[in-house]
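Chemist: Sharing a structure, written as structure tokens. Questions coming.
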Amino acid sequence: MKAIQTEALLLRAVAYGESDVIATFFTRTEGKISALSRGARKSVRRVGGALEPVHTLLVSLEDRGRELATLKEARVVRQRSGVVGDLDALDAAGVALRWLRHVCPPRTPEPRAWDTMNTLLDVLDAREQPPRSALAAAALRLLADVGYALELEQCVRCGRPCPAGKAAFVDPSRGGLVCQSCGGARMRLGGDLRERALEIAAGGNPALTKDEAEELLVLVDATMAVHAPGLE
């Protein structure tokens, strides 16, 4: 048996039987892991109100190598009441957590995605940016964090570079830009927005308009769906 104590974010909690809960966590050290919490709906002593999304938790698990670990204890160590109290921020957080649940493989540490997700939640909590703009920027980083970064500088088929500031066709199923000579694609990314996307991918934080954020989120959603067909 392996005893695990790690920070975690709750991705999903599903009632099981009369009083148990199966919780899926995204953890700092173990990646995505599901655990059975016995009696969680009857007793608040071990998990209390900790089985809620957006807050950073400290969880104690017993792992016997089976599909489900056992949740022994959970408590909130970083509360984000600013997210919970804002419907737009809560919706943005929920979208990002749903992405993680679908694209991260079980029991595979994803330290970069962990940092990106917690940074997004902190930004949403502090209300530093419009929620959808913060989500769009974090979304591009999450794609790269889990190995699905979009190639936005050159054609993925022939390798021809796309001039700076020029609009380009993007095919999520092929992983990035497709030039007209190679057939193009149905989705088109404007030149200015492509430059902002590249700046975000390089670690920058350019301001995004509402329309730009929504355009990037459509692109990210399409890309996530390619790698996680069950994403609803």
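The values are calculated or read from the model by the stated rules, or taken from the named source; none is laboratory data. Only a predicted model underlies this, so the values are computations on that prediction, with no experimental measurement involved. Neighbour counts run over all protein chains shown; Cβ positions are idealised from the backbone, glycine included.
Chemist: Restricting to segment 16-25, count the residues that are in contact with a helix residue (DSSP H, G or I) (Cβ under 9 Å, 6 or more places away or on another chain) and either over 13 Å from residue 69 (Cα atoms) or outside the structural domain of residue 71 (by TED's automatic domain parsing) (or both).
Modeler: Residues in segment 16-25 being in contact with a helix residue (DSSP H, G or I) (Cβ under 9 Å, 6 or more places away or on another chain) and either over 13 Å from residue 69 (Cα atoms) or outside the structural domain of residue 71 (by TED's automatic domain parsing) (or both): 0 in total.
Chemist: List every residue pair whose Cβ atoms lie under 6 Å apart, where the two residues are 6 or more positions apart in sequence or sit on different chains, the first residue falls within segment 190-202 and is within 13 Å of residue 144 (Cα to Cα), and the second residue, located anywhere, is small (Gly, Ala, Ser) and outside any loop (DSSP other than H, G, I, E, B).
Modeler: Going by the 6 Å Cβ cut-off, the qualifying pairs are 200/137.
Chemist: Could I ask something else about it? Looking at the structure I just gave you, is residue 192 surrounded by fewer than 21 Cβ atoms within 10 Å (Cβ to Cβ) and in contact with a helix residue (DSSP H, G or I) (Cβ under 9 Å, 6 or more places away or on another chain)? It would help to see each step written out before you state the result.
Modeler: Values: surrounded by fewer than 21 Cβ atoms within 10 Å (Cβ to Cβ): yes; in contact with a helix residue (DSSP H, G or I) (Cβ under 9 Å, 6 or more places away or on another chain): yes.
Here the answer is yes, as residue 192 does meet what is asked.
Chemist: Then there's this: Among the residues of segment 1-35, count how many are under 21 Å from residue 96 (Cα atoms) and assigned to a loop (DSSP other than H, G, I, E, B).
Modeler: Of the residues in that region, 3 qualify.
Chemist: Are any residues in segment 38-90 in a loop (DSSP other than H, G, I, E, B), at pLDDT 95 or above and hydroxyl-bearing (Ser, Thr, Tyr), and if so, which ones?
Modeler: none
Chemist: Being of a type in the set (A, V, I, L, M) and touching a helix residue (DSSP H, G or I) at 6+ places or on another chain (Cβ under 6 Å) is the filter here, so list the residues in segment 151-167 that pass it.
Modeler: Within segment 151-167, 152, 167 qualify.
Chemist: If you don't mind, another one. Take the residues in segment 210-230 that are free of Cβ contacts under 8 Å to residues at least 40 places away in the same chain and more than 16 Å from the chain's Cα centre (by Cα), then tell me which one is surrounded by the fewest Cβ atoms within 10 Å (Cβ to Cβ). Spell out how you get there, then give the answer.
Modeler: Applying the first criterion (free of Cβ contacts under 8 Å to residues at least 40 places away in the same chain) to segment 210-230 yields 211, 215, 218, 221, 229.
Next, from what is left, pick out any that are more than 16 Å from the chain's Cα centre (by Cα): 211, 215.
On the way: 211: 9, 215: 19.
Once the filter is applied, the top-ranked residue is 211.
Chemist: Restricting the search to segment 132-154, which residues are buried (at least 22 other Cβ atoms within 10 Å of the Cβ) and more than 18 Å from residue 196 (Cβ to Cβ)?
Modeler: Result: no residue meets the conditions.
Chemist: Write out, first by first residue and then by second, each pair whose Cβ atoms fall under 8 Å of each other, whose residues are 6+ apart or on separate chains, and whose first residue, in segment 140-156, is within 17 Å of residue 185 (Cβ to Cβ) while the second is acidic (Asp, Glu).
Modeler: That search, which allows pairs on different chains as well, returns 156/171.
Chemist: Hey, among the residues in segment 6-18 that are touching a residue at least 24 places away in the same chain (Cβ under 8 Å) and surrounded by 13 or more Cβ atoms within 10 Å (Cβ to Cβ), which one's nearest to residue 60 (Cα to Cα)?
Modeler: Step one: of segment 6-18, the residues touching a residue at least 24 places away in the same chain (Cβ under 8 Å) are 6-13, 15.
Narrowing further to those that are surrounded by 13 or more Cβ atoms within 10 Å (Cβ to Cβ): 6-13.
Numbers: 6: 7, 7: 9, 8: 10, 9: 13, 10: 13, 11: 16, 12: 17, 13: 16 Å.
Here the residue is 6.
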